[in-house]
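Notes for the one structure printed next.
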Amino acid sequence: MPKRNLPLSKVYQLLEPGPVVLLTTSRAGHANIMTMSWHTMMEFEPPLIGCIISNRNYSFDILKKTRECVINIPTADMAEKVVACGNSSGSKINKFEKFGLTPKPARYVSAPLIDECFANFECCLFDAGWVNRYCLFVLEVTQAWKDPNVKNPQTMHHEGKGNFMIAGERIKLKSKMK
Ligand SMILES: Cc1cc2nc3c(=O)[nH]c(=O)nc-3n(C[C@H](O)[C@H](O)[C@H](O)COP(=O)(O)O)c2cc1C
């Protein structure tokens with residue numbers, strides 16, 4: 001069957017890497033959560049992660065000023081909360097209280113870990129050189145946590161417009177890959 005034109009506005013729906021994450025920030029004792037799916041690995045070690053965070057989001061200014069955050073990875077059982085955090089502003093509500101998520105102190109940064117997430121990466125702003133032009137924050141992971149009991153996490157991968165793919169079958173190849 002011949003392929004059809006795909007509107008450029010839909011390109012992101014096929015390429016969005018995922019998994020969807022919850023980015024936490026904190027300023028003056030007020031912690032916030034933002035849902036994010038536009039991120040990419042940029043370096044193995046120390047891990048660098050490029051994140052697009054809209055300057056319309058409450059989290060944007062906080063991250064720019066405090067220069068630290070936590071990337072928390074949720075699983076599909078948290079889907080409703082993940083979407084709720086992505087459809088509300090921390091300028092108006094306390095999302096931890098409103099959506100029943102548990103903040104736990106991080107080791108190195110003021111932003112909290114989300115206890116319900118199976119992995120949490122404490123991050124510092126590594127390069128703000130692209131923030132004004134592309135809202136691109138390059139973050140360095142300075143401390144990473146993972147629940148050893150979670151073996152095959154059912155992470156969520158955004159396909160746009162409220163559609164998500166849930167990570168499923170895994171394969172292991174013999175060839176060496178990092
Ligand atoms: C599945 C999903 C993915 C999202 N990904 C991003 C993203 O990558 N970057 C971004 O700036 N906003 C993204 N958003 C939108 C923000 O989460 C949303 O604007 C949120 O209300 C911002 O919260 P804040 O104003 O408290 O910072 C996403 C929302 C959803 C539901």
Legend entry - Test result for T66, out of contact with any Leu (no Cβ under 8 Å at 6 or more places or on another chain) and open to solvent by 20 Å² or more (accessible area, probe 1.4 Å): yes
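I'm trying to understand the selection: among the residues of the stretch 164-178, which are open to solvent by less than 80 Å² (accessible area, probe 1.4 Å) and not aliphatic (A, V, I, L, M)?
Here is the first cut: in the stretch 164-178, the residues open to solvent by less than 80 Å² (accessible area, probe 1.4 Å) are 164, 166-168, 175.
Across the stretch 164-178, the qualifying residues are F164, G168, S175.
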Legend entry - Odd one out for D115, checked against (1) open to solvent by 40 Å² or more (accessible area, probe 1.4 Å); (2) in contact with a Ser or Thr (Cβ under 8 Å, 6 or more places away or on another chain); (3) within 15 Å of the ligand (Cβ to nearest atom): (3)
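Can you pull out every residue in the stretch 14-47 that is farther than 29 Å from K92 by Cβ and either open to solvent by less than 80 Å² (accessible area, probe 1.4 Å) or in contact with a Phe, Trp or Tyr (Cβ under 7 Å, 6 or more places away or on another chain) (or both)?
If we filter the stretch 14-47 for residues that are farther than 29 Å from K92 by Cβ, which is where we start, we get 14-15, 17, 40-47.
Passing the criteria: P17, T40, P46, P47.
Go through D147, D77, D127 for me and flag whichever is farther than 23 Å from M42 by Cβ, modelled with pLDDT of 95 or more and open to solvent by 20 Å² or more (accessible area, probe 1.4 Å).
Only one candidate qualifies: D77.
Go through the stretch 135-152 residue by residue and tally those that are touching a Pro at 6+ places or on another chain (Cβ under 8 Å) and either charged (D, E, K, R) or in a loop (DSSP other than H, G, I, E, B) (or both).
At the first step, the residues of the stretch 135-152 found to be touching a Pro at 6+ places or on another chain (Cβ under 8 Å) are 140-142, 144.
Those left that are additionally either charged (D, E, K, R) or in a loop (DSSP other than H, G, I, E, B) (or both): 140.
Final tally of qualifying residues: 1.
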Legend entry - Residue tally, condition under 21 Å from A106 (Cβ atoms) and of a type in the set (D, E, K, R), over the stretch 128-140: 1
Inset, instruction - Those residues that are out of contact with any helix residue (DSSP H, G or I) (no Cβ under 8 Å at 6 or more places or on another chain), under 24 Å from F126 (Cβ atoms) and open to solvent by less than 60 Å² (accessible area, probe 1.4 Å), I need them from the stretch 82-111; list them, please. - result: A106, V109
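In this structure, does P153 turn out to be surrounded by 11 or more Cβ atoms within 10 Å (Cβ to Cβ), touching a residue at least 24 places away in the same chain (Cβ under 8 Å) and more than 22 Å from E16 (Cα to Cα)? Before the answer, list the steps.
Working: surrounded by 11 or more Cβ atoms within 10 Å (Cβ to Cβ): yes; touching a residue at least 24 places away in the same chain (Cβ under 8 Å): yes; more than 22 Å from E16 (Cα to Cα): no.
The answer is no for P153.
For the stretch 4-102, list the helices (runs of 4 or more DSSP H) that sit wholly inside it and hold at least 1 residues that are over 24 Å from F164 (Cβ atoms) and near the ligand (Cβ under 9 Å from one of its atoms); which are they? Steps first, answer last, please.
Details: elements: 11-15, 58-66, 79-85, 95-99.
Of the helices (runs of 4 or more DSSP H) lying wholly inside the stretch 4-102, those with at least 1 residues that are over 24 Å from F164 (Cβ atoms) and near the ligand (Cβ under 9 Å from one of its atoms) span 58-66.
The values are calculated or read from the model by the stated rules, or taken from the named source; none is laboratory data. Predicted model, so just to flag it, every value in this text is computed and none were measured. Please note: Cβ atoms are built from the backbone with ideal geometry, for glycine as well, and neighbour counts cover all protein chains shown. Heavy atoms of the whole protein, side chains included, go into the accessibility calculation; ligands, DNA and RNA do not. Shrake-Rupley method; radii C 1.70, N 1.55, O 1.52, S 1.80 Å.
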